[in-house]
Structure formats: structure tokens, C-alpha cells
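K.L.:
Can you read through this structure? Questions will come right after.
The values are calculated or read from the model by the stated rules, or taken from the named source; none is laboratory data. These figures come from a predicted structure and were not determined experimentally. So basically every Cβ, Gly included, is an ideal-geometry build from the backbone, and we count neighbours across all protein chains shown. In case anyone asks, the SASA skips ligands and DNA or RNA and just uses the protein heavy atoms, side chains included. Shrake-Rupley method; radii C 1.70, N 1.55, O 1.52, S 1.80 Å.
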Amino acid sequence: MQRLETSLPGVYELRPVVHRDARGFFLETYHHARFIDLGVKETFLQDNHSTSSRGTLRGLHYQLLHGQAKLCRVIEGEALDVAVDIRLGSPHFGKWTSIRLSAREQNQIYIPAGFAHGFLSLTETVQFLYKCSDYYAPSDEYGILWNDPVLGVDWGTLTPGLSQRDANNPKFSEIQPRFLPRYSSK
């Protein structure tokens, strides 16, 4: 597994060794000890799987009290995956990075807790898998408006398919500081 840095410290693209032959392919998608060596130290507690049609945008989401580090990959199609640093006091507060995840490349993105996360489906069908370091807590879920001009995320579309909730998320500047995670330099 190869770790590639992104523009946000702590957010990594991970590229596995894929063994291909006439029968198909084999790869190791997760190995706890190897991931620790790569700087991914969390123990993941929950796996999630979604299917989305082309143009579907899910996000930007985060949990506050039950912050979740995420390890994301696509097993069918391609998606633009976005992480936004929303940790108060972070030197990268309000900055974002994106990785194009694809079933062909078998790449992954690691996003630490304290970041908002979202993705856009780029192909007819996208099957998106992600591991989380804490359990989903519906009462602790927050969101940020996907097209907030202050964040300026370049999604590559102006008209994504959104849930009603995501369409009505507040702008980043409207979120009170008590509803944002804190940065720790540890």
C-alpha cells in the first residue's frame, strides 16, 4: 500500500498493490498493522455501503461528539470524494481537498475525524464503501451546504442530485463555533 499526501495534512490517498491476471484481480483493502505503519491508527467500528446514480451528491456531513475518521473506496464506478477541515483552530480551517476514487484504480481516501465529508457520483452507478472509527449517531449528525461560496469546493457541477436535508444544510459561516470540532496538534 502506498500513501500519497493531499493538500490537507492528515488526509491521505492510499493506493494498494493490485494483482491482476486473466481471471480478474486480488487486492488487500485493509490490514490494521500495515495501515498503522501508514499513519492510519484508528480502529474502525462500522462499515457503510451506498449506491448512487450519476450526479448524486452526498454531503457535506460530520459528527461532532462522535467524530468519525473514514476510510473510503469505490467498488463500482467513479466518485469525487471531498474532505473539508472544519476544526476550529486548525491552520487549514475551511480548506478542502478532493480525490477521484474509482473501482478501476482501487484507490482509497483516509479522512481523520474533525473533517466534513461528501462525494459526487461521476458514473451511471457508484457503489461507495467506507469504514468509520465511531458508530453513526443520528442525533449527532451535522451538515454544511455543498456549494457554500466561502468554501468554494469545485464539484464540477452546478446541479447535483441532493437529498432535501443536504439541499437545506447551513452555510459554513452560519454554524456556531460550539457545533464545530476543535483542532488538537497532538
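K.L.:
Hey, can you grab everything whose amide H is under 5 Å from the amide H of T123? Only 5+ residues off in sequence or another chain; H modelled, so Pro and N-termini drop out.
P.N.:
The list, which skips near neighbours in sequence, is G55, E78.
K.L.:
Given a 1.4 Å probe and heavy atoms of the protein chains only, how would you sort F26, F93, largest accessible area at the top?
P.N.:
F26, F93
K.L.:
Local charge sum around S52 (other residues, Cβ-Cβ under 13 Å, Lys/Arg +1, Asp/Glu -1)?
P.N.:
Around S52, the surrounding residues sum to -3.
K.L.:
So how much slack lies between E124 and I36, counting 0.36 nm per residue of separation and subtracting their Cα-Cα distance, in nm?
P.N.:
Stretched out fully, the E124 to I36 stretch lengthens by 28.2 nm.
K.L.:
Related question: What FRET efficiency comes out for the pair D140/H19, r = Cβ-Cβ distance, R0 = 35 Å, nearest 0.05?
P.N.:
0.30
K.L.:
I've got another one for you. Can I get the semi-axes of the stretch 1-96's equivalent ellipsoid? Compute them from the C-alpha gyration tensor as square roots of 5 times the eigenvalues, in angstrom, largest first.
P.N.:
After diagonalising the Cα gyration tensor, the semi-axes are 26, 19, 14 Å.
K.L.:
May I ask for the distance between the Cα centers of the stretch 129-168 and the stretch 18-72, given as a whole number of Å?
P.N.:
The two parts, judged by their Cα centres, are 17 Å apart.
K.L.:
What FRET efficiency do you get for Y183 and A103 if R0 is 35 Å and r is their Cβ-Cβ distance, rounded to the nearest 0.05?
P.N.:
0.55
K.L.:
Could you work out which residue, out of R165, R73, R23, moves most in a Gaussian network model of the chain, that is, has the largest mean-square fluctuation with Cα springs under 10 Å?
P.N.:
Greatest mean-square fluctuation among the candidates belongs to R23.
K.L.:
Can you work out the accessible area per residue across the chain, with the rest of the protein chains kept in place, probe 1.4 Å, in square angstrom?
P.N.:
For the chain, the solvent-accessible area averages 52 Å² per residue.
K.L.:
If you stretched the chain out fully between L158 and F26, how much longer would it get, using 0.36 nm times the residue separation minus the C-alpha to C-alpha distance?
P.N.:
The span from L158 to F26 would gain 43.8 nm if fully extended.
K.L.:
Once neighbouring chains are kept in place and the probe is 1.4 Å, which whole percent of the accessible area of the chain is contributed by carbon and sulfur?
P.N.:
Ligands and nucleic acids excluded, carbon and sulfur give 51 percent.
K.L.:
Compute the distance in nm between two label points, each set 7 Å from the Cα along the Cα-to-Cβ direction, one at F93 and one at R54.
P.N.:
According to this spin-label approximation, the distance is 4.1 nm.
K.L.:
Tell me, what is the FRET efficiency for L65 and L4 to the nearest 0.05, using R0 = 35 angstrom and their Cβ-Cβ distance as r?
P.N.:
Once rounded, the FRET efficiency stands at 0.65.
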